[in-house]
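Data block below; observations after.
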Amino acid sequence: MKMVKIRTRVNGKDIRSEVEPRELLVHFLRENLGLTGVHVGCDTSNCGACTVLIDGKAVKSCTMLAVQADGREVTTIEGISKNDELHPLQKAFLEKHGLQCGYCTSGMILTSYWLLKNNKNPTEEEIRKNLSGNLCRCTGYQSIIESVKYGAQLMKEKEKEEQQIEVR
């Protein structure tokens, strides 16, 4: 099969690669780039374990071809932390026990990240609706909801802290 050249930006790094036209983005990220935080769960877009951010929007990477990422910004769970420090939302999932086996966690976090970038104060109903495309077989969801609420609080605190540093 004829390979197609793509250029994309993944977790802040410019990537040039050749892919098969039918290769799914989830497989490209895992197999070609070694980003194993992106999980293949159901292969039908029902579970959300493969969620990544494309140009800042939460997208299920099992529903997208790698060639569709050409010229776009892709962020995986590995890309939201900075300087080896967990993102506030990642910290919240740890502290509020929003994970058990961890399989769905990266998708839950990235879907929540997208929500919190667009709505800093979501209601519980808004959080539940936003996460409705992500499945978890372990937690019963309440810990995930609490993690997102706490993550929103931590993100606001970090933003305030960063603004104070800029003023100094």
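The values are calculated or read from the model by the stated rules, or taken from the named source; none is laboratory data. Here the structure is a predicted model, which means the values were calculated and not measured. Glycine gets a Cβ as well: all are built from the backbone with ideal geometry, and neighbour counts include every protein chain shown.
Structure above, values below:
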| item | result |
| --- | --- |
| Residue ID - farthest from E78 (Cα to Cα), chosen from residues in the range 1-28 that are among the charged types (D, E, K, R) and assigned to a strand (DSSP E or B) | K5 |
| Residue check for G102: at pLDDT below 95 and on the phi > 0 side of the Ramachandran plot | yes |
| First in the range 85-110 and β-branched (V, I, T), second anywhere and modelled with pLDDT of 95 or more, Cβ under 7 Å, 6 or more apart | T105/F93; I109/I77; I109/L89; I109/Q90; I109/F93 |
| Within the range 16-50, considering residues that are under 23 Å from Q90 (Cβ atoms) and either assigned by TED's automatic domain parsing to the domain that holds L135 or free of Cβ contacts under 8 Å to residues at least 40 places away in the same chain (or both), the one surrounded by the fewest Cβ atoms within 10 Å (Cβ to Cβ) | G34 |
| Count - residues of the range 100-123 that are of a type in the set (S, T, N, Q) and surrounded by 17 or more Cβ atoms within 10 Å (Cβ to Cβ) | 4 |
| Listing of helices (runs of 4 or more DSSP H) fully contained in the range 64-150 that carry 3 or more residues being touching a Gly at 6+ places or on another chain (Cβ under 8 Å) and over 30 Å from E18 (Cα atoms) | 88-95, 105-118 |
